[in-house]
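What follows is a single structure, written as structure tokens, with notes after it.
Values in this text are rule-based calculations from the coordinates and carry no lab data. All of these numbers come straight from a predicted model, not from anything done at the bench. A quick note on method: Cβ atoms are made from the backbone with ideal geometry, for glycine too, and the neighbour counts reach across all protein chains shown.
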Amino acid sequence: MSAADGTNSTGADPGAGPADACTSSAADGVRGTGAADDAAAPRIGMIWAQARGGVIGDGGTMPWHLPEDLKHFKRTTSGSPVVMGRRTWESFPPRFRPLPGRTNIVITRDDSLEMPGAMRARSLPEALELAATEAGPTGTTWVIGGGSIYADAIEVAEQLVVTEIDLEVDGDTLAPEIPADFAVTAAEPAEGWHEAASGLRYRVLTYTR
């Protein structure tokens, strides 16, 4: 999920092109090869919300409003660097940019793009290396979208926090396929679903590899 805290924006990045893309070689640019490097490297996490069928966005917005999940997103990512594509950054209303209490790192090759309060990276590996210097007390860097960034980052992520929403909606952006080497290590609630004030049912699953 990607959301400006309290808004209905999304990490969906349906129009992201080569400027917002990288390859799975990101692992070579982020993870150290020695024990000391591995110990120092921050944990890389991804967070998103999805409806049935893996829909995470439609037209650059989330096709639902779930304040409870926005609070969960803020609580989870606060104090950590957040990495996003340009379209995700632009999907947030200006008054919510940058996301407060977090180092905002935006992947873009457009050097003319003005992003007050955000750091700039030209690729996912560069963004994650930059985040490693900003990880702070949480020790985690969160990738928050959009679609193409999720697809690349899942190659190097160690943890996924996924809000599943029991809702059938149309959308133009889907969550990445979760690789088989991830396993569910936590569920909230442990059984069944939370029910939001709106009546929507949702649950939060944590995957670890």
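Using amide H atoms built 1.01 Å from N in the peptide plane, name the residues 5+ places from Gly57, or on other chains, whose amide H lies under 5 Å from its own.
Hits under the 5 Å cutoff: Asp172, Thr173.
Starting with the highest mean, order 100-109, 163-172 by the number of other Cβ atoms within 10 Å, averaged over the residues of each peptide.
100-109, 163-172
With a sphere of radius 13 Å drawn around the Cβ of Gly117, what net charge do the other residues whose Cβ falls strictly inside it have (Lys, Arg +1; Asp, Glu -1)?
Computed value for this residue: +3.
Could you calculate, for segment 43-208, the ratio of the Cα radius of gyration to the Kirkwood radius, expressed as Rg to Rh?
Over the Cα atoms of segment 43-208, Rg/Rh equals 0.95.
Using modelled amide H (1.01 Å from N, peptide plane; none on Pro or chain starts), what sits under 5 Å from the amide H of Thr141, excluding residues fewer than 5 places away?
Arg43, Ile44, Gly45
Going by average Cβ neighbours within 10 Å, how do the peptides 81-90, 112-121, 43-52 rank, with the highest at the top?
Put in order of decreasing packing, that is 81-90, 43-52, 112-121.
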